[in-house]
Amino acid sequence: MLSPSGPERDQASRTAAPESDGAPRWSLGARLAGDVGIMPEPALGAVIAGGVALGRVRLELAGGWFPERDVALEQGTVAGAELSLFVVDATGCYRFRQAAPALDLCGGMELDHMRGTGLGVTEPRDDGAWWPSALGTGRVSVPVAAWMTLDAELGAALALGRPEFVLEGMSLHRPSLVSGRGGAGASFHFR
């Protein structure tokens, strides 16, 4: 079997796996995210994340925002609401595969906040609700440099609370018990 030697091998080993000298490796990343289940319809949002890795274990804190979506109380009516979602999650990940592409499995908790503003009613209100969710994801990371990876993830969230959004005594929206997640973006790594 042939393998690169010299400078090419050194470059390949730096980009294939994080250095394992015991020092923490910090990261900062951004990704475009998708959600199916929490919002009334599939939604796109933005996530910013920061974390620290030590060997195969990584801890990450992330925040995301899914912009306003209009939801009608009944089809063909003007009464409804504009709903948006903000999420904060803390996860722990284990890197099962170090070589490129790297594979991480992650689990953690998320705090969700949905905000709604009534539309098309005589006394519109602005209100919101918080609830926790358990989160599980898988992430694939492909290094493009020793300090940067392109990342894609897929997972699910299990709502541990499901507030119901009501307008004029009628149910407008209630997040699903299980929602699907996905995203793609880039992470920058440093010591």
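Only one of (1) more than 17 Å from I48 (Cβ to Cβ); (2) surrounded by fewer than 15 Cβ atoms within 10 Å (Cβ to Cβ) is not met by A79, so which one is it?
(2)
Please note which strands (runs of 3 or more DSSP E) are completely contained in region 71-186 and include at least 3 residues that are under 30 Å from R56 (Cα atoms), of a type in the set (S, T, Y) and out of contact with any Asp or Glu (no Cβ under 8 Å at 6 or more places or on another chain). Outline the logic, then answer.
Working: elements: 80-97, 102-119, 126-145, 148-159, 165-167, 170-173.
Qualifying strands (runs of 3 or more DSSP E): none found.
Can you spot a residue in region 8-28 that is closer than 30 Å to G169 by Cα and at pLDDT 80 or above? I'd like the intermediate steps shown before the answer.
Within region 8-28, the subset closer than 30 Å to G169 by Cα is none.
No - not one qualifying residue is present in region 8-28.
State whether one or more residues within region 146-157 are free of Cβ contacts under 8 Å to residues at least 40 places away in the same chain, within 12 Å of the chain's Cα centre (by Cα), over 27 Å from P24 (Cβ atoms) and surrounded by fewer than 20 Cβ atoms within 10 Å (Cβ to Cβ).
Step one: of region 146-157, the residues free of Cβ contacts under 8 Å to residues at least 40 places away in the same chain are 150, 152, 154, 156.
So of that shortlist, the ones also within 12 Å of the chain's Cα centre (by Cα) come out as 152, 154, 156.
Adding the requirement that they be over 27 Å from P24 (Cβ atoms) leaves 156.
From what's left, surrounded by fewer than 20 Cβ atoms within 10 Å (Cβ to Cβ): 156.
Checked region 146-157: at least one residue is free of Cβ contacts under 8 Å to residues at least 40 places away in the same chain, within 12 Å of the chain's Cα centre (by Cα), over 27 Å from P24 (Cβ atoms) and surrounded by fewer than 20 Cβ atoms within 10 Å (Cβ to Cβ).
I need a count of the residues in region 19-63 that are of a type in the set (A, V, I, L, M) and part of a loop (DSSP other than H, G, I, E, B).
Initial filter on region 19-63 (of a type in the set (A, V, I, L, M)): 23, 28, 30, 32-33, 36, 38-39, 43-44, 46-49, 52-54, 57, 59, 61-62.
Now restrict to residues that are part of a loop (DSSP other than H, G, I, E, B): 23, 38-39.
Total meeting the criteria: 3.
If a residue has to be surrounded by fewer than 16 Cβ atoms within 10 Å (Cβ to Cβ) and in contact with a Leu (Cβ under 7 Å, 6 or more places away or on another chain) to count, how many in region 35-67 make the cut?
Within region 35-67, the subset surrounded by fewer than 16 Cβ atoms within 10 Å (Cβ to Cβ) is 36, 41-42, 44, 46, 48, 50, 52, 54-55, 57, 61, 63, 65, 67.
From what's left, in contact with a Leu (Cβ under 7 Å, 6 or more places away or on another chain): 44, 46, 50, 52.
Summing the residues that are surrounded by fewer than 16 Cβ atoms within 10 Å (Cβ to Cβ) and in contact with a Leu (Cβ under 7 Å, 6 or more places away or on another chain) in region 35-67 gives 4.
The values are calculated or read from the model by the stated rules, or taken from the named source; none is laboratory data. No experiment lies behind these values; they were computed from the predicted model shown. Here the Cβ is made from the backbone with ideal geometry for all residues, glycine too, and neighbour counts use every protein chain on show.
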